[in-house]
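So the structure is just underneath, and the comments pick up after that.
No value in this document is a laboratory result; all are computed from the given coordinates. As the structure is a computational prediction, the values presented were derived from the model and not from experiment. Using ideal geometry, Cβ is built from the backbone for each residue, glycine included, and neighbour counts are taken over all protein chains shown.
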Amino acid sequence: MTIPSRREAARMLRAQAESLRRHGFTNFFEHQYVCLLANAVREERCQGCLLQDYAPEEYRNEAFPCQHFDEETWQRLADRLGLPEEIAARFEAIAEELEATVGAAEFS
């Protein structure tokens with residue numbers, strides 16, 4: 001996995017947030033991939049993740065517990081009303097955090 005710059009990770013998160021708002025979960029793994037890339041450039045890792053409670057208990061303390069989700073877990077998530085919007089808001093909050101840590105010139 002290539003680690004993106006903070007600027008690129010923020011851009012990817014915003015694009016995924018927009019996709020989630022427009023289309024919901026069309027591809028869980030794409031959303032997860034973007035989130036993992038963004039969290040790889042943050043010190044916080046997955047603290048505050050909305051999906052933490054869905055991770056198998058033995059993996060919840062790992063840096064990226066959602067890597068252990070199976071198809072059944074993803075389906076339970078798809079059935080939870082409002083979750084795409086909640087995750088979109090979380091992605092945008094992380095994007096804002098990333099943008100705040102780089103120079104304004106990098107976003108021009």
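Details
- Contact order normalised by residue count of the stretch 6-101, Cα under 8 Å, 6+ apart, percent: 49 percent
- Using a simple spin-label model with pseudo-atoms 7 Å out from Cα toward Cβ, Glu8 and Ala93 lie 2.7 nm apart.
- Label-point separation, Glu62 to Arg76 (7 Å along Cα→Cβ), nm: 1.6 nm
- Overall, the chain carries a charge dipole of about 340 debye about its Cα centre when +1 sits on the Cβ of Lys and Arg and -1 on the Cβ of Asp and Glu, all other atoms neutral.
- Taking the chain as a whole, the Cys residues whose C-beta sits 4.7 Å or farther from every other Cys C-beta are Cys35, Cys66.
- Here the 3J(HN,Hα) profile of the stretch 11-19, calculated from phi with Karplus coefficients 6.51, -1.76 and 1.60 at θ = phi - 60°, is 4, 5, 5, 5, 5, 5, 4, 5, 4 Hz, Gly and Pro shown as x.
- The convex hull of the Cα atoms of the chain, projected and averaged over all directions, covers 6.8 nm².
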